[in-house]
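What follows is one structure encoded as structure tokens, with my remarks underneath.
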Amino acid sequence: MWLVPILAGRVNVLIFSGTIMVDKSPECHKHESECSSSNVFKPRKFTLGGTKVEFPYALKPYPSQLTCMAKAVTGARLGQNCLLESPTGSGKTMAMLCSLLAWQKQFREEAELAARQEMAQKLQELSESNAAKIVNQGGTDIEISKEKEPGFLRKQTFDLSPKGDSHQVQIPENPTRNRMSMLDSWSDDEDVKVATPVTILDSDDSDDYFRSPKKKQLKSSAPVKTPNKSDKREKQSPKKQPQPEQKGGEGTAYKPVKVKVPKIFFATRTHKQITQVVEELSRTPYSNTKMTILNSREHSCLRRLEDPFKSKTEMCKSLLEKNGMEEEENYGRKKKGCHFKNNLVRQPIEHLMDAMDLTEAPWDIEDFVASCKKFSVCPYFATRDLMATADIIFCPYNYIVDPLIRQSMNICLSGNILLFDEAHNIEDAFRESNSFKFTAGILNEAVKNCELGLMISSKKAECDQLKDAFSTFDKWMKDASSKLRLEDSFSRERTCTFSGSRFANEMEVAGFDKKAFDLFVKAAEALFSEEGGGQMSPTKNAEVVEGDESLGTANMRIVDIFKASPQLRTMVDGLKLVMSRIFSENLGNRDDYNVVLFETAFKVYREGPSEGGWQGKGSVDASVELGLNLWCMNPAIGFADLQDARSVIVTSGTLSPMTSFQSELGAKFPHSLSTDHVISPSQVWVGSVSRGPRGKSVNGVYRNAVTIDYQDEIGLSILSICSIVPFGVLCFFPSYAALENVMKRWQMSGAWHTN
């Protein structure tokens with residue numbers, strides 16, 4: 001079904017297969033009218049699940065939004081999964097953005113506070129330990145100037161030099177607050193990165209900590225005084241210090257420590273939906289959150305597609321390989337790699353965000369690509385680089401669901417929040433991403449590529465291992481082809497279905513068992529890790545990359561130029577994924593797969609004259625080839641890969657029945673919710689209209705839908721409803737063809753332009 005807004009504004013009337021739904025209550029328009037006032041700039045603050053949440057509108061959110069936000073915050077706080085069903089139009093996207101970003105902000109503040117308290121304790125223990133060492137060693141005087149109140153860390157001056165060099169260190173007066181200015185300089189926790197280190201000594205030996213006069217001078221929040229140079233330092237102009245981001249009390253400022261904060265992966269079905277989500281983010285009080293949008297090379301590559309490449313992805317991978325070369329447009333010379341990618345290495349994207357003016361507000365992928373084009377940097381790799389600093393990451397959810405894409409994009413899910421929006425068909429996505437299909441043609445191309453590697457590659461053993469594995473699959477498919485049958489009279493392909501267990505047993509008999517699979521994986525990893533990097537003797541397949549031919553071969557460096565073809569990579573990636581599931585340690589996943597051997601027909605065009613002697617495009621031969629479908633039937637196999645995430649939140653308007661949904665994913669969702677619609681039943685009238693204003697039938701069967709009378713009557717009906725119902729009408733059409741037909745007719749009759 002397709003949605004067509006007839007008039008702009010809030011929807012009151014719905015026409016669906018002859019049924020009209022009318023919103024009778026004017027109260028439903030209050031929310032929008034008030035949002036357009038000045039109150040939109042005054043976020044409403046409230047607390048849900050112990051988290052302070054700011055909502056973008058200065059009026060009470062829908063009850064369904066409050067409930068969804070409370071569930072999401074609780075799940076994120078406890079590290080548990082959520083299954084949230086709320087009807088379309090009830091504000092799920094806004095609710096999820098506000099609640100999760102509010103929780104993330106509070107998590108960061110609490111983690112920083114905890115890290116500071118821990119470092120304060122470590123600093124105090126270190127100070128006490130070092131003071132005891134100084135007393136026990138002797139020969140080092142300690143001068144402590146006591147203030148009015150007792151306390152070890154009120155204000156103390158240590159003379160730490162054993163040989164008379166007077167270096168005094170003043171420790172701040174307040175042991176719990178002013179001391180914080182020194183806390184940035186001490187941490188043993190790998191998750192806490194030091195923001196401002198203190199002056200440290202060269203020696204790593206703790207016994208020599210106070211003995212070595214030689215030191216590395218680094219920035220320190222604690223002032224270090226040297227008496228014989230104090231006058232000179234006082235005359236110098238002080239260096240500009242960075243503005244403090246927080247205060248530790250009584251006017252003492254300090255920088256916040258850096259802690260590990262869970263990232264939010266906001267996954268939607270398509271890139272178009274990401275654009276809508278980013279627009280929603282720009283309306284929230286959290287619009288300055290650091291973000292990035294993951295996308296494909298096809299969407300963001302700045303280069304023109306060149307021959308002989310079939311896609312920008314293939315072209316990019318070829319340029320980034322060890323022997324990949326590009327020709328510079330202005331100079332006609334070749335240079336390694338892609339210059340857009342090379343420019344990104346020279347000037348990291350984090351340094352360019354301010355110049356691009358993309359730090360203050362959320363940005364769309366089109367705007368980001370345009371900005372990257374101005375600075376000649378690669379948008380595809382730039383968005384990937386921004387993952388390191390981004391707090392929220394937007395992407396289509398196949399980037400999270402598909403293991404191959406997740407690995408290629410270096411997406412780390414451990415400890416992070418995963419949100420799947422509009423996830424009513426996510427089970428199918430998990431099934432498809434863990435399945436693999438190939439034909440005998442792709443398999444044969446992979447075998448040929450391995451045979452080429454046996455001739456020109458230094459990794460001959462690895463190429464031979466891959467070739468043997470592919471040959472085993474090819475032989476099994478040919479032997480099993482005798483079992484192909486037409487499933488029914490409507491089938492166009494002959495097929496034969498095997499259970500996962502039967503397929504695994506037959507492959508083990510054929511010679512491809514768990515041990516052979518492990519050798520296959522090791523060979524593929526070794527081949528791809530140093531693809532094109534092995535040495536070889538000068539042959540016609542070698543490439544001269546250094547030296548001058550006039551100087552002889554002694555000054556030449558010859559390298560292996562073997563490259564894995566797309567077919568070889570496809571076969572290796574697909575078999576590694578599926579066979580790793582089938583050959584898992586407990587063998588429990590075998591029956592979760594169905595294997596279908598099929599025979600498909602295709603046409604072969606031969607150049608030259610046809611058989612009758614006529615000159616033309618050539619003859620056409622029909623041929624068939626075998627193929628293999630390795631179908632994953634259980635989405636829980638793919639969902640299990642997400643178990644390292646802190647929390648997985650699945651939202652949609654249609655998740656019921658929720659019990660079966662949870663069962664299919666094979667996971668527990670402690671926090672589940674199914675909310676009512678924001679419009680109460682008393683606000684909706686549902687009726688059926690059989691005739692239009694002129695008394696003609698509006699039965700939308702196919703034979704009537706193409707007639708002029710039907711199209712005119714539908715147009716007059718909509719105009720009549722729009723004349724008495726404000727804020728617009730939403731119409732549903734069964735297809736693009738039906739939509740185009742009535743639009744053309746209304747434009748010709750003048751109904752389209754009627755006010």
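Here are the numbers:
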| quantity | calculated |
| --- | --- |
| Leu730 closer than 26 Å to Gly89 by Cα and of a type in the set (A, V, I, L, M, F, W, C) | yes |
| Number of the exception - Arg745 against (1) at pLDDT 90 or above; (2) under 30 Å from Val401 (Cβ atoms); (3) open to solvent by 40 Å² or more (accessible area, probe 1.4 Å) | (2) |
| Residues that are open to solvent by 60 Å² or more (accessible area, probe 1.4 Å), in contact with a Gly (Cβ under 9 Å, 6 or more places away or on another chain) and either outside any helix (DSSP H, G or I) or aromatic (Phe, Trp, Tyr) (or both), drawn from segment 703-742 | Pro726, Phe727, Pro734 |
| Output for segment 364-390, where each listed residue is open to solvent by 40 Å² or more (accessible area, probe 1.4 Å) and of a type in the set (Ser, Thr, Tyr) | Ser376, Thr389 |
| Residue match in segment 439-450 (condition: open to solvent by 10 Å² or more (accessible area, probe 1.4 Å), closer than 30 Å to Gln273 by Cα, in contact (Cβ under 8 Å) with a residue 40 or more places away in the chain and not in a helix (DSSP H, G or I)) | no |
| Total residues in segment 47-101, condition open to solvent by less than 10 Å² (accessible area, probe 1.4 Å), touching a Leu at 6+ places or on another chain (Cβ under 8 Å) and not in a helix (DSSP H, G or I) | 4 |
| Residue within segment 634-644 that is hydrophobic (A, V, I, L, M, F, W, C), in contact with a helix residue (DSSP H, G or I) (Cβ under 9 Å, 6 or more places away or on another chain) and not in a helix (DSSP H, G or I) present | no |
| Residues satisfying the stated conditions in segment 261-276, i.e. modelled with pLDDT of 90 or more and either closer than 29 Å to Glu118 by Cα or in a loop (DSSP other than H, G, I, E, B) (or both) | Val261, Pro262, Lys263, Ile264 |
| Contacts under 8 angstrom Cβ, first residue in segment 304-318 being over 21 Å from Met409 (Cα atoms), partner among the aliphatic types (A, V, I, L, M), 6 or more apart | Leu305/Met315; Glu306/Met315; Phe309/Met315 |
| Members of segment 636-658 that are at pLDDT 90 or above and open to solvent by 30 Å² or more (accessible area, probe 1.4 Å) | Ala640, Asp641, Gln643, Asp644, Arg646 |
| Residue match in segment 506-515 (condition: outside any helix (DSSP H, G or I), open to solvent by 70 Å² or more (accessible area, probe 1.4 Å), in contact (Cβ under 8 Å) with a residue 40 or more places away in the chain and farther than 18 Å from Asn444 by Cα) | no |
| Members of segment 370-380 that are touching a residue at least 24 places away in the same chain (Cβ under 8 Å), within 15 Å of Asn295 (Cα to Cα) and assigned to a helix (DSSP H, G or I) | Cys372, Pro379, Tyr380 |
| Filtered residues of segment 455-470 (kept if buried (at least 16 other Cβ atoms within 10 Å of the Cβ) and either of a type in the set (Asp, Glu) or assigned to a helix (DSSP H, G or I) (or both)) | Ile456, Glu462, Cys463, Gln465, Leu466, Lys467, Asp468, Ala469, Phe470 |
| Candidates Glu306, Glu279, Glu329, filtered to the one that is exposed (fewer than 15 other Cβ atoms within 10 Å of the Cβ), out of contact with any Ser or Thr (no Cβ under 9 Å at 6 or more places or on another chain) and at pLDDT 90 or above | Glu279 |
| All positions within segment 663-688 that are part of a loop (DSSP other than H, G, I, E, B) and over 27 Å from Met633 (Cβ atoms) | Thr675, Asp676, His677, Val678, Ile679, Ser680 |
| Qualifying positions in segment 381-424 - more than 24 Å from Lys105 (Cβ to Cβ), assigned to a loop (DSSP other than H, G, I, E, B) and without any contact (Cβ under 8 Å) to a residue 60 or more places away in the chain | Asp402, Asn410 |
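The values are calculated or read from the model by the stated rules, or taken from the named source; none is laboratory data. As the structure is a computational prediction, the values presented were derived from the model and not from experiment. In this analysis, Cβ positions are derived from the backbone assuming ideal geometry, glycine residues included, and neighbour counts consider all displayed protein chains. Protein only, heavy atoms only, side chains kept; ligands, DNA and RNA dropped before computing areas. Shrake-Rupley method; radii C 1.70, N 1.55, O 1.52, S 1.80 Å.
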